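J.: Got a structure here, written out as structure tokens. Questions coming.
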Amino acid sequence: MSSDPTPRPSSRPAPRPAPRRAPRRAWRRRRPALLAALAAGALAAVLLQPQTAADADEALPYQDPGLPVPQRVADLLGRMSLAEKIGQMTQAERVDVDADPSLITDNRLGSVLSGGGSVPAENTPTAWADMVDRYQQAALDTPLGIPLLYGVDSVHGHGNLLGATVFPHNIGLGATRDPALVERIGHITAEETRASGPQWVFAPCICVARDDRWGRTYESFGETPSLVTSMETAIDGLQGAPGQLDEPDRVLATAKHFAGDGLTAYDDSLADTGSYPIDQGIDRVTRAEFDRLALAPYVPAIKEHHVGSVMPSFSSTDFNGGDTDDAVKMHANADLLTTWLKQQQGFDGFVISDWRAIRQLPGTYADQVKTSVNAGVDMFMEPIQAPNNPTGWDEFIPTLTQLVDTDQVSMARIDDAVSRILTAKFELGLFEHPFTDRTHLAQIGSKAHHAVARQAAAESQVLLRNQRHTLPLRGNHDVYVAGSNADNIGNQTGGWTLTWQGGSTNVVPGTTILDGIERSARGAVTYSETAEKRIPRKADGIVVVGETPYAEGFGDVGGPQWAWDPADGGVPRQKQTMRLSDADTRAVQKVCAQAKSCTVVVVSGRPMVIPPALLRQIDALVASWLPGSEGAGVSDVLFGRRPFTGKLPVSWPRTVAQEPINVGDPGYDPLYRYGFGLRTR
Ligand code: GLC
């Protein structure tokens, strides 16, 4: 969870000249035995050598890019104090350090993140790169000069950055059934992210969304593990092939949220109480179902795509059924985080906790830190984000120190965590090239990138109904456009765009669906959001309806809502119901009653209920999902510039009461089946 903090002025850093880039390091599998042997050798070497870079007049082993990464890790580890090791395990939020980056230096912090919407005062690529480099300089101003990792939620492009190319959210990408396109999008996302500073993204979510009432359904590629797994090409796009992580157009990826974030059971008792009825809930499934639906996507993510980090879920598992006393939080689950993920699957990256997630564990804060570190979490996202919280990472550091000093957390566990983190930093080339390589800065938001966003928007459209071959619209008919989401780029980009929750008044470069229609139609185009204007009988009607933006539990059906959000200009937030608003329903009824034909386009993070009586009035129905910054891609298929090829990534229910509804369920009877989609050419 993250709020949208007041941005703070950032001053231009005075970065050191970037040293020569390291030769490509071959991607290698670390062996614990190798590491132990190297550590022993390194320890011997250290005893004979100066303790810090400042004391040596030539490169120390860990500073030598010609040495194997495990050897560099072992040498550096052998030089680190406990404070330096725990600092590497600690992640602050930028608001915590922006006014005083020396906090990074003094606390030996290993990482900083931008939560959703946490951006430099001037939200431009250069200001981002300057900000990250200013924090980087503070990290390098330490005796060992260990570079900083900066993480950000580039979940559909670098959505926090104004000017970045914003792609369809994952549910729309799942509808494309186009893994190569998803890899291309990952690569563009990596290029635009790294060129603006961050070297690490908290993406992709490889969640399997099973109940569409979940506010994070749109972050999922779909309801089946096979579809989700097929889209893990996103990781390849982000990280590149093994050995490319140190390149200026690649970033470290994160498979999240491990595991079963999309399997939680809806708790009716929490609906409309201000809590999250399903997000961060409990997976009430058998272990076999959990293996099939939650763990399965992580195997290829690790073994085939070599994902560099994993983020546990806020959710819990309860394989035994019954009351919630048996539920185990994922951040406390040693069986899954260490035994299954690290030992059995051989995951050799690092585990980053979710936003203050360890504070949901039972017991005191010391209990929470002890449990999560010993369960296998390696780095801790512990933002303070004053005035939201009284403490954060500043409490984590002394707490973990005390746990190690009293042998409640072993030094072996600390060394394992730190080795994993340092390995990522070496693989990213940060020791040789700590500051932002701005080679690709000018590519951010380029025409070429927007062309890919437009293609993705088009391929993500799913044609559900097409009576009388209404689509594609052709000829020089006049067009009448209505609906809440026809001309709203904030709504079509959704959450995680400029602000954490997204917003109807958020504006990013791109085209709305109406913009696209106006460029595609050859007849006159009339636009009236609520269909108040006269509707010409000979006009083709297009009504673009749907949801307003949300993120996480705020998108749960029956979830909490902000009365209004200052960061979004005080836009009132609507409760999410999976049902059309009254205004949209009236617009559909008016247009479908009077226009020559009527097409309804649903812009939403999940299926929405279309009542039978309304459906009968509709000629053509399109699932548009959250198409991103290029609404023109939607009009491309409406007017036949591109064919409809999309297929449902999730089952489309007849009613909300049918949820959860998934292909393979007994008595499966949705309005439109998983995988359904009409083609037009
Ligand atoms: C959020 C989300 C997670 C995100 C993190 C940092 O709470 O659960 O997906 O990466 O915080 O913004």
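The values are calculated or read from the model by the stated rules, or taken from the named source; none is laboratory data. None of these values were measured; they are calculated from a predicted model. Quick reminder, even Gly has a Cβ in these numbers, built from the backbone with ideal geometry, and neighbours come from all protein chains shown.
J.: For the range 570-600, which positions are more than 25 Å from the chain's Cα centre (by Cα) and either under 27 Å from Glu223 (Cα atoms) or of a type in the set (Asp, Glu) (or both)?
T.: Scanning the range 570-600 gives Arg579, Leu580, Ser581, Asp582, Asp584, Thr599, Val600.
J.: Related question: Does His450 meet the test of being under 30 Å from Arg534 (Cβ atoms) and either of a type in the set (Phe, Trp, Tyr) or touching a Gly at 6+ places or on another chain (Cβ under 8 Å) (or both)?
T.: So His450 does not fit the description; no.
J.: Among the residues of the range 601-630, write down those that are under 25 Å from the mean Cα position of the chain (by Cα) and outside any strand (DSSP E or B).
T.: Matches in the range 601-630: Ser604, Gly605, Arg606, Pro607, Met608, Leu626, Pro627, Gly628, Ser629.
J.: Mind counting the residues in the range 75-124 that are under 28 Å from the mean Cα position of the chain (by Cα), away from the ligand (no atom under 16 Å from the Cβ) and of a type in the set (Lys, Arg)?
T.: So the count comes out to 2.
J.: If you take the residues of the range 634-681 that are out of contact with any Ser or Thr (no Cβ under 8 Å at 6 or more places or on another chain) and among the basic types (Lys, Arg), which of them is nearest to Arg213 (Cα to Cα)?
T.: Arg654
J.: Taking the criterion of being away from the ligand (no atom under 16 Å from the Cβ) and under 20 Å from Gly376 (Cα atoms), would at least one residue in the range 267-283 satisfy it?
T.: no
J.: Still on this structure, please answer the following. Give me the pairs: first residue in the range 148-172 and in the same structural domain as Val310 (by TED's automatic domain parsing), second residue modelled with pLDDT under 95 and away from the ligand (no atom under 14 Å from the Cβ), beta-carbon distance under 9 Å, and six or more apart or on different chains, which are they?
T.: Once the first residue is in the same structural domain as Val310 (by TED's automatic domain parsing) and sits in the range 148-172, no partner that is modelled with pLDDT under 95 and away from the ligand (no atom under 14 Å from the Cβ) comes close enough.
J.: To continue, here is another question. Just to be sure I understand, how many residues within the range 151-174 are within 13 Å of the ligand (Cβ to nearest atom) and more than 12 Å from the chain's Cα centre (by Cα)?
T.: 0
J.: Let me ask something additional. Looking at this structure, is Gly502 in a strand (DSSP E or B) and among the small types (Gly, Ala, Ser)?
T.: So Gly502 fails the test.
J.: Within the range 372-387, take every residue that is more than 16 Å from the ligand (Cβ to nearest atom) and not in a loop (DSSP other than H, G, I, E, B) and give me the one that is surrounded by the fewest Cβ atoms within 10 Å (Cβ to Cβ).
T.: Asn374
For every residue, the table says whether it meets (1) within 14 Å of the ligand (Cβ to nearest atom); (2) aliphatic (A, V, I, L, M).
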site	(1), (2)
Gly349	no, no
Ala357	yes, yes
Lys370	no, no
Gly392	yes, no
Phe396	no, no
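J.: Turning to a different aspect of this structure: Any chance you could count how many residues in the range 610-641 are surrounded by fewer than 24 Cβ atoms within 10 Å (Cβ to Cβ) and in contact with a Pro (Cβ under 9 Å, 6 or more places away or on another chain)?
T.: Residues in the range 610-641 being surrounded by fewer than 24 Cβ atoms within 10 Å (Cβ to Cβ) and in contact with a Pro (Cβ under 9 Å, 6 or more places away or on another chain): 3 in total.
J.: Do any helices (runs of 4 or more DSSP H) entirely within the range 80-122 hold 3 or more residues that are crowded, with 21+ Cβ neighbours inside 10 Å, and if so, which?
T.: Correct list: 82-88, 94-97.
J.: Just a yes or no: is a residue in the range 216-225 within 16 Å of the ligand (Cβ to nearest atom), outside the structural domain of Lys647 (by TED's automatic domain parsing) and among the basic types (Lys, Arg)?
T.: Among the residues of the range 216-225, at least one is within 16 Å of the ligand (Cβ to nearest atom), outside the structural domain of Lys647 (by TED's automatic domain parsing) and among the basic types (Lys, Arg), which makes the answer yes.
J.: Could you please let me know if Gly274 is over 21 Å from Trp200 (Cα atoms), surrounded by fewer than 24 Cβ atoms within 10 Å (Cβ to Cβ) and either out of contact with any strand residue (DSSP E or B) (no Cβ under 9 Å at 6 or more places or on another chain) or assigned by TED's automatic domain parsing to the domain that holds Arg356 (or both)?
T.: On the way: over 21 Å from Trp200 (Cα atoms): yes; surrounded by fewer than 24 Cβ atoms within 10 Å (Cβ to Cβ): yes; either out of contact with any strand residue (DSSP E or B) (no Cβ under 9 Å at 6 or more places or on another chain) or assigned by TED's automatic domain parsing to the domain that holds Arg356 (or both): yes.
Spelling it out, Gly274 is indeed over 21 Å from Trp200 (Cα atoms), surrounded by fewer than 24 Cβ atoms within 10 Å (Cβ to Cβ) and either out of contact with any strand residue (DSSP E or B) (no Cβ under 9 Å at 6 or more places or on another chain) or assigned by TED's automatic domain parsing to the domain that holds Arg356 (or both).
J.: Where residues in the range 284-328 are within 16 Å of the ligand (Cβ to nearest atom) and of a type in the set (Phe, Trp, Tyr), which of them is farthest from Ala203 (Cα to Cα)?
T.: It comes out as Phe314.
J.: Separate question: From the residues in the range 631-681 that are assigned to a loop (DSSP other than H, G, I, E, B) and of a type in the set (Val, Ile, Thr), which one is farthest from Gln492 (Cα to Cα)?
T.: Ranking the candidates gives Val663 first.
J.: Being hydroxyl-bearing (Ser, Thr, Tyr) and over 18 Å from Gln280 (Cα atoms) is the filter; apply it to the range 207-259 and report the residue that is surrounded by the most Cβ atoms within 10 Å (Cβ to Cβ).
T.: Among them, the one singled out is Thr254.
J.: Now for a separate question. Cβ-Cβ under 8 Å, sequence separation 6+ or interchain: first residue in the range 109-125 and under 15 Å from Gly502 (Cβ atoms) and outside the structural domain of Gln385 (by TED's automatic domain parsing), partner at pLDDT 95 or above and not in a loop (DSSP other than H, G, I, E, B). Which pairs?
T.: Once the first residue is under 15 Å from Gly502 (Cβ atoms) and outside the structural domain of Gln385 (by TED's automatic domain parsing) and sits in the range 109-125, no partner that is at pLDDT 95 or above and not in a loop (DSSP other than H, G, I, E, B) comes close enough.
J.: How do the helices (runs of 4 or more DSSP H) wholly within the range 233-350 filter down when requiring 3 or more residues that are more than 25 Å from Asp211 (Cβ to Cβ) and in contact (Cβ under 8 Å) with a residue 24 or more places away in the chain: which remain?
T.: It comes to 233-239.
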